[in-house]
1. Can you spot a residue in the stretch 24-39 that is farther than 20 Å from residue 282 by Cα and surrounded by 17 or more Cβ atoms within 10 Å (Cβ to Cβ)?
2. Scan 44, 118 and give me the residue that is under 18 Å from the mean Cα position of the chain (by Cα), more than 19 Å from residue 174 (Cβ to Cβ) and not in a strand (DSSP E or B).
3. State all residues of the stretch 133-175 that are touching a residue at least 40 places away in the same chain (Cβ under 8 Å) and touching a helix residue (DSSP H, G or I) at 6+ places or on another chain (Cβ under 8 Å); if no residue qualifies, say none.
4. What tally of residues in the stretch 206-239 results from selecting those that are under 21 Å from the mean Cα position of the chain (by Cα) and exposed (fewer than 14 other Cβ atoms within 10 Å of the Cβ)?
5. Working only within the stretch 146-176, note down all residues that are in contact with a strand residue (DSSP E or B) (Cβ under 7 Å, 6 or more places away or on another chain), over 17 Å from residue 129 (Cβ atoms) and either at pLDDT below 95 or crowded, with 22+ Cβ neighbours inside 10 Å (or both).
6. Being at pLDDT 95 or above and under 24 Å from residue 14 (Cβ atoms) is true for just one of 46, 37. Which residue is that?
7. What number goes with the only condition from (1) surrounded by fewer than 22 Cβ atoms within 10 Å (Cβ to Cβ); (2) at pLDDT 95 or above; (3) over 16 Å from residue 125 (Cα atoms); (4) more than 16 Å from the chain's Cα centre (by Cα) that residue 179 does not pass?
8. For the stretch 251-297, enumerate the residues that are touching a helix residue (DSSP H, G or I) at 6+ places or on another chain (Cβ under 8 Å), more than 15 Å from residue 231 (Cβ to Cβ), part of a loop (DSSP other than H, G, I, E, B) and touching a residue at least 60 places away in the same chain (Cβ under 8 Å).
């Protein structure tokens, strides 16, 4: 079982009405929820933990998770509103405007943390930026990282970060406590001022996944590095690409029964990364964060 911990929100995606007017369509999104959905569709046993709202947008999120076979029993429900993210697409690349004050996801606290029964935990996204939810997720990772496989993808959104020093300190602490760190070359450069990912390896962090967009992903371990090429497709937009890759990689580990700290380095990491790349290629070939089902691969 994999527990995905982080935000779920509504992506307001740009569309045109039948009259040619610019408008937005509300679709379920959020980096960590996208990963949970992709895991469910790929056939992995997956749970989701976040703060979700009882409002109409929260119902959209609940139905989306359920339809993708994601167990939402760890979720903390409240009457606070759902986070909205308005998306702007330029040449297929997304930028975001977030509306997140006093929302169900943001107000999640340490008191709301679940008792974990999963084998592995995944963290990332904008839920690691704002308080009090960021402290709650940090506490959960640090609490369980000694006994369970942990993976983090910072998925940096600079426009959402108000206190860069505090954010970098939190992410560095969480990455150092994780068994697997996935980061894009752009995110790593923003976090550290360098794209040298070998510095992230440690006695705790055994695997680093450095994604480079169309150039694929590099797997780094103490034994060296291996490049896995991206699948070549016609890109519609990149929303959810990294999230789907994360799911594919974790699903690959799950298929090999390697969702544990002791089994991680015995796994076929290349095969897991190839599954992630294949799934991500399908996601970017269609609009929005719409990860593939296993039979689509």
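The values are calculated or read from the model by the stated rules, or taken from the named source; none is laboratory data. Bear in mind the structure is a predicted one, so any value in this text is a computation, not a measurement. Neighbour counts are summed over all protein chains in view; Cβ atoms, including those assigned to glycine, are modelled from backbone coordinates with ideal geometry.
1. Residues of the stretch 24-39 that are farther than 20 Å from residue 282 by Cα, as a first pass: 24-26.
With surrounded by 17 or more Cβ atoms within 10 Å (Cβ to Cβ) added as a condition, the list becomes none.
So far as the stretch 24-39 goes, no, none of its residues is farther than 20 Å from residue 282 by Cα and surrounded by 17 or more Cβ atoms within 10 Å (Cβ to Cβ).
2. Numbers: 118 fails: more than 19 Å from residue 174 (Cβ to Cβ).
The conditions single out 44.
3. Correct list: 133, 137, 141, 149, 151, 153, 155, 157, 160, 170, 171, 174.
4. Adding up the residues that qualify gives 3.
5. 149, 150, 151
6. Criteria check complete, one pass: 37.
7. Result: residue 179 fails condition (4) only.
8. Within the stretch 251-297, 259, 289, 293 qualify.
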